[in-house]
Amino acid sequence: MRCNITEGDKGVRCRMAAPRTPVAMSDFILETSHLTKEFKGFTAVSDVNLSVRRGSIHALIGPNGAGKTTCFNLLTKFLEPTSGTIKFNGQDITREAPAQIARRGVIRSFQISAVFPHLTLMENVRLGLQRKLGNSYHFWQSEKSLDQLNGRAVELLGEVGLADMADEVTVNLPYGRKRALEIATTLAMEPELMLLDEPTQGMGHEDVDRVTQLIKKVSAGRTILMVEHNMKVVSTIADRITVLQRGAVLAEGPYEEVSRNPQVMEAYMGTTDVELQGAH
């Protein structure tokens, strides 16, 4: 109820305030508007409008030098945009620091595996889980203080098929398993949006298939934006694809549509006579 008193009134006039209309959560978890990054006259990302649907796997693809990783660096604020805006869950995060964005639940992996080679798999995952305890950087504390995280760490290792290797030293893992461990450490930070940068880069066919299925599995209840060169991976798991060329959006849509786009085929293969099926 809202009441107003003004000079000359003999009493207080009250009226019922209109009920607030609940704000509906957008279908899109991440949106960019005219996102642009220039480096001394060179435009690496040009006027990119990107909308990532909540609960989807969205792939960002394009030839070498298309601006994919630069775009990732802008989204996670490792780079500041020259112009444009970035919104996460409807909130403008364009000027926030990388740590602020990570606290919001935007967590990324990198092209090069970022796990600690001389720690065990369990210890690597626990580092990701330490954020909950508020002591992420207190490496001098007794290891026993982290025992409360062991159960969850084993669960996460189980999600990526590594539970039986929890006590193995990470340096002994084959490359594909290290990438699986990196996904587990990313999950430990409870991402609402996972950004995966070239998750299958440098892998053999067997590891590619394993990691592809792993990404599909961990996407349940989460949103994933991934940069990926392997078109077999993209065609298998991506719900939607955005194609970049020379920093600008060339095409967007489901794989079946994008793979038949003559401009996309020419950008990748130099011809419009072949499809992208299996292209890298």
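Suppose the filter is in contact with a Phe, Trp or Tyr (Cβ under 7 Å, 6 or more places away or on another chain), touching a residue at least 24 places away in the same chain (Cβ under 8 Å) and not basic (Lys, Arg); does Asp239 pass it?
Working: in contact with a Phe, Trp or Tyr (Cβ under 7 Å, 6 or more places away or on another chain): no; touching a residue at least 24 places away in the same chain (Cβ under 8 Å): yes; not basic (Lys, Arg): yes.
For Asp239, the condition - in contact with a Phe, Trp or Tyr (Cβ under 7 Å, 6 or more places away or on another chain), touching a residue at least 24 places away in the same chain (Cβ under 8 Å) and not basic (Lys, Arg) - is not met.
Would you confirm, using the coordinates I've provided, whether Val249 is surrounded by 15 or more Cβ atoms within 10 Å (Cβ to Cβ), outside any loop (DSSP other than H, G, I, E, B) and modelled with pLDDT under 95?
Values: surrounded by 15 or more Cβ atoms within 10 Å (Cβ to Cβ): yes; outside any loop (DSSP other than H, G, I, E, B): yes; modelled with pLDDT under 95: no.
It is false that Val249 is surrounded by 15 or more Cβ atoms within 10 Å (Cβ to Cβ), outside any loop (DSSP other than H, G, I, E, B) and modelled with pLDDT under 95.
Answer yes or no as to whether Gln201 is in a loop (DSSP other than H, G, I, E, B) and of a type outside the set (Asp, Glu). Walk me through how you get there before you give the answer.
Numbers: in a loop (DSSP other than H, G, I, E, B): yes; of a type outside the set (Asp, Glu): yes.
Yes, satisfied.
Those residues that are hydroxyl-bearing (Ser, Thr, Tyr) and either assigned to a strand (DSSP E or B) or surrounded by 18 or more Cβ atoms within 10 Å (Cβ to Cβ) (or both), I need them from region 79-93; list them, please. Explain how you work it out, then say what you get.
Looking only at region 79-93, we keep the residues that are hydroxyl-bearing (Ser, Thr, Tyr), and these are 82-83, 85.
Those that are hydroxyl-bearing (Ser, Thr, Tyr) and either assigned to a strand (DSSP E or B) or surrounded by 18 or more Cβ atoms within 10 Å (Cβ to Cβ) (or both): Ser83, Thr85.
So if I check each of Asp167, Asp209, which one is surrounded by fewer than 18 Cβ atoms within 10 Å (Cβ to Cβ) and either of a type in the set (S, T, N, Q) or part of a loop (DSSP other than H, G, I, E, B) (or both)? Please lay out each step first, then the result.
Details: Asp209 fails: either of a type in the set (S, T, N, Q) or part of a loop (DSSP other than H, G, I, E, B) (or both).
Exactly one residue qualifies, and that residue is Asp167.
Inspect region 24-43 for any residue being of a type in the set (Gly, Ala, Ser), assigned to a strand (DSSP E or B), buried (at least 18 other Cβ atoms within 10 Å of the Cβ) and modelled with pLDDT of 95 or more and give the result as yes or no.
Residues of region 24-43 of a type in the set (Gly, Ala, Ser): 24, 26, 33, 41.
Restricting the remaining residues to those that are assigned to a strand (DSSP E or B) gives 33.
Remaining after also requiring buried (at least 18 other Cβ atoms within 10 Å of the Cβ): none.
Checked against the condition, which is being of a type in the set (Gly, Ala, Ser), assigned to a strand (DSSP E or B), buried (at least 18 other Cβ atoms within 10 Å of the Cβ) and modelled with pLDDT of 95 or more, region 24-43 yields no hits at all.
If a residue has to be surrounded by 17 or more Cβ atoms within 10 Å (Cβ to Cβ), closer than 17 Å to Ile107 by Cβ and in contact (Cβ under 8 Å) with a residue 60 or more places away in the chain to count, how many in region 212-236 make the cut?
So the answer is 8.
May I ask you to list the residues in region 64-78 that are over 14 Å from the mean Cα position of the chain (by Cα) and crowded, with 17+ Cβ neighbours inside 10 Å?
Ala66, Gly67
List pairs: first in region 59-71 and outside the structural domain of Asp239 (by TED's automatic domain parsing), second of a type outside the set (Ser, Thr, Tyr), Cβ under 6 Å, 6+ apart or cross-chain?
Short answer, once both residue conditions are applied: none.
Return the pairs, sorted by first residue and then second, in which the second residue is among the hydroxyl-bearing types (Ser, Thr, Tyr) and not in a loop (DSSP other than H, G, I, E, B), the first residue lies in region 156-178 and is closer than 22 Å to Arg222 by Cα and touching a residue at least 60 places away in the same chain (Cβ under 8 Å), the beta carbons are less than 8 Å apart, and the residues are 6+ apart or on different chains.
Going by the 8 Å Cβ cut-off, the qualifying pairs are Lys178/Thr170.
Please go through region 229-246 and give me each residue that is out of contact with any Ser or Thr (no Cβ under 7 Å at 6 or more places or on another chain), under 15 Å from Asp197 (Cα atoms) and not hydrophobic (A, V, I, L, M, F, W, C), ordered by number.
If the condition is that a residue be out of contact with any Ser or Thr (no Cβ under 7 Å at 6 or more places or on another chain), under 15 Å from Asp197 (Cα atoms) and not hydrophobic (A, V, I, L, M, F, W, C), then His229, Thr242 are the ones that fit.
The values are calculated or read from the model by the stated rules, or taken from the named source; none is laboratory data. All values reported here derive from a predicted model rather than from experimental measurement. For neighbour counting, all protein chains shown are included, and Cβ atoms are generated from backbone atoms with ideal geometry for every residue, glycine included.
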